[in-house]
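Working notes, structure below.
The values are calculated or read from the model by the stated rules, or taken from the named source; none is laboratory data. This structure is a prediction, so every number in the text was calculated from the model and none was measured. Here the Cβ positions follow ideal geometry from the backbone for every residue, glycine too, while neighbour counts run over all protein chains shown. Side chains included, ligands, DNA and RNA excluded: accessible areas come from the protein's heavy atoms. Shrake-Rupley method; radii C 1.70, N 1.55, O 1.52, S 1.80 Å.
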Amino acid sequence: MDTRLTILGTRPSYLNHLLYEMRDVTRQQDRMRFRMNLERTGEILAYEISRHLPYQPQPVTTPLGSLDIDLLDQQPVIISIMRAGLPLHQGFLRIFDQADNGFIAAYRHHTQGNEFIIKVEYMALPDITDRDLILVDPMIATGKSLVLSYQHLLDLGKPRRILIAGVIGSEEGVQYVLRNIPQAHIWVAALDHELTARSYIVPGLGDAGDLAFGPK
């Protein structure tokens, strides 16, 4: 297993209940619950990522004394790929509530048959120079959206760290990202083994954007 990849769902935890509900075809009919489960998963991913960020001791005074507590030495920049990334992004903001934020619209444009290219048509981004950058994308299928988005981000500066968070990744997609962004570390709730001919994750959970917000 690549040390740059962390799969949280391999350890028994409440995260497995969230994954169960998000994958279950009957429960998916409740859009609000699906969005909330994405948010809760974002909170768990954010907490796990927070354990790997740099900290500095800061003094605090209590009513009965004082002590040092380790605090983040800087707030991260959280950048999500829309539209499916929006609920997951909200979960990250519940943990990193002072973070700077950015958004990228990247989508598949099908050309012929099962072939497609990735198009990036919208970016609203802060300065990322020497910052800890967290890229959020619920489904890491082929990984091409993440890689292309990251390449566009480099026009704005070079981050200090690149941390990538997803709910479900495919083995193929995760390896593609790690090959093309070798300095990145990836956290996913689950890793699935297959992609369909149209590059959807199997067993996956379907189209996360459609399940959260309705059909396109």
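Things to note:
- Where labels lie 7 Å past Cα in the beta-carbon direction, separation of Y14 and R27 in nm: 1.4 nm
- Cα centre as origin, Lys/Arg/Asp/Glu Cβ charges: segment 44-108 dipole, Debye: 420 debye
- Residue-wise HN-Hα coupling along segment 3-13, computed from phi with Karplus coefficients 6.51, -1.76, 1.60 (Hz; x: Gly, Pro): 5, 7, 10, 10, 10, 6, x, 6, 9, x, 6
- The portion of the accessible surface of the chain made up by carbon and sulfur, rounded to a whole percent, is 51 (1.4 Å probe; DNA, RNA and ligands excluded).
- About its Cα centre, the chain has a charge dipole of approximately 340 debye under the convention of +1 per Lys or Arg Cβ and -1 per Asp or Glu Cβ, with nothing else charged.
- Long-range tail of P(r) for segment 29-149 (Cα pairs > 21 Å, %): 50 percent
- Compactness of the chain as Cα Rg over 2.2 N^0.38 Å, two decimals: 1.04
- Cα gyration tensor shape for segment 177-216, rounded if a/c is under 1.5, else prolate or oblate: prolate
- Pairs of C-alpha atoms in segment 1-59 farther apart than 20 Å represent 41 percent of all such pairs.
- Cα gyration tensor category, rounded, prolate or oblate, for segment 115-168 with a/c compared to 1.5: oblate
- Of the DSSP H helices in the chain, those whose Cα atoms cover at least 24 Å axially and whose Kyte score averages -1.0 or more: 31-50
- Put M139, M123 in order of accessible area, highest first, and with a 1.4 Å probe you get M123, M139.
- Against the compact-protein benchmark of 2.2 N^0.38 Å, the Cα-based radius of gyration of segment 141-188 scales to 1.08.
- Between segment 76-101 and segment 151-188, the alpha-carbon center distance in angstrom: 16 Å
- Full-extension gain in nm, Q151 to D70, via 0.36 nm per residue minus C-alpha separation: 25.9 nm
- Heavy atoms of K144 accessible to a 1.4 Å probe, total area in Å² rounded to 10: 90 Å²
- Largest-first ordering by accessible area, 1.4 Å probe, given options Y200, Y47, Y176: Y47, Y200, Y176
- With all protein chains in place and ligands, DNA and RNA left out, the 1.4 Å accessible area ranks D97, D73 as D97, D73, largest first.
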